[in-house]
């Protein structure tokens with residue numbers, strides 16, 4: 001059967017999601033596969049993830065599949081695998097999916113959160129889960145800027161060097177900014193994202209909040225397709241993959257809208 005997992009993890013000590021050739025490089029996928037192979041006694045078992053999060057990036061709704069023949073009830077797998085995983089990785093849910101399902105190609109949209117601690121002092125509890133910005137940020141201007149990203153555009157200006165994609169056109173369904181005390185959160189939902197795209201968007205929105213860019217410049221930057229015109233790439237620890245959505249006909253995978 002093909003099983004789809006929902007996985008949450010603290011990415012602080014990992015070199016990203018994707019396993020590497022060197023066994024000395026610790027990744028989330030590598031640790032998950034190690035646990036799965038032990039649980040199912042299958043040394044060749046591999047998983048396919050939906051999103052290749054970078055070093056230090058976190059997730060609450062990462063997805064991955066495996067193909068396995070097992071007598072363990074699917075809904076019991078998260079409990080069975082828990083002792084085999086490190087404390088900073090957890091399988092939240094397991095469910096059977098069609099044999100032709102693919103976690104990347106069948107994804108209809110993803111939601112990311114980017115967290116900014118905008119206080120006078122750094123918050124030690126937030127140091128691994130947000131980026132610290134000392135200068136006051138204008139939330140209203142940041143929200144106006146965030147709306148400029150909504151739509152279908154060529155986001156080449158928001159793609160880091162080293163990407164091998166054939167097209168830089170993506171659709172952003174929603175993007176907004178909210179504040180709770182000194183914590184500012186940027187939420188963005190799209191059909192897919194380029195390499196470092198969300199972090200570059202966050203860095204650009206921060207620049208607007210600081211008065212270094214105007215909200216109206218966002219559209220010009222998008223049209224320019226010039227990475228040099230966008231803001232800095234925000235730090236990885238502020239980014240969390242919140243949710244990956246699927247649209248199945250007649251099966252159990254939910255969209256949490």
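The values are calculated or read from the model by the stated rules, or taken from the named source; none is laboratory data. Given the structure is predicted, the values throughout are model-derived calculations rather than measurements. Positions of Cβ are backbone-derived with ideal geometry, glycine not excepted, and every protein chain shown enters the neighbour counts.
Observations on the structure shown:
- Meets criteria (within 21 Å of residue 110 (Cα to Cα), part of a loop (DSSP other than H, G, I, E, B) and within 19 Å of the chain's Cα centre (by Cα)) for residue 18: yes
- Tally, over the range 208-226, of residues that are crowded, with 21+ Cβ neighbours inside 10 Å and out of contact with any helix residue (DSSP H, G or I) (no Cβ under 7 Å at 6 or more places or on another chain): 0
- Candidates 51, 135 - the one that is under 24 Å from the mean Cα position of the chain (by Cα) and part of a loop (DSSP other than H, G, I, E, B): 51
- Contacts under 6 angstrom Cβ, first residue in the range 191-208 being touching a residue at least 60 places away in the same chain (Cβ under 8 Å), partner surrounded by fewer than 22 Cβ atoms within 10 Å (Cβ to Cβ) and assigned to a helix (DSSP H, G or I), 6 or more apart: 208/141
- Residue in the range 138-146 that is touching a residue at least 12 places away in the same chain (Cβ under 8 Å) and either part of a strand (DSSP E or B) or under 18 Å from the mean Cα position of the chain (by Cα) (or both) present: yes
- Number of the exception - residue 215 against (1) in contact with a strand residue (DSSP E or B) (Cβ under 8 Å, 6 or more places away or on another chain); (2) more than 25 Å from residue 12 (Cα to Cα): (1)
- If you check 120, 125, 109 for being over 25 Å from residue 228 (Cβ atoms) and assigned to a loop (DSSP other than H, G, I, E, B), only one passes: 120.
- Check on residue 200, assigned to a strand (DSSP E or B), within 24 Å of residue 55 (Cα to Cα) and within 23 Å of the chain's Cα centre (by Cα): no
- Of all residue pairs spaced 6 or more apart or on separate chains, none has beta-carbon atoms under 9 Å together with a first member in the range 42-70 that is in the same structural domain as residue 187 (by TED's automatic domain parsing) and surrounded by 15 or more Cβ atoms within 10 Å (Cβ to Cβ) and a second member that is at pLDDT 95 or above and part of a loop (DSSP other than H, G, I, E, B).
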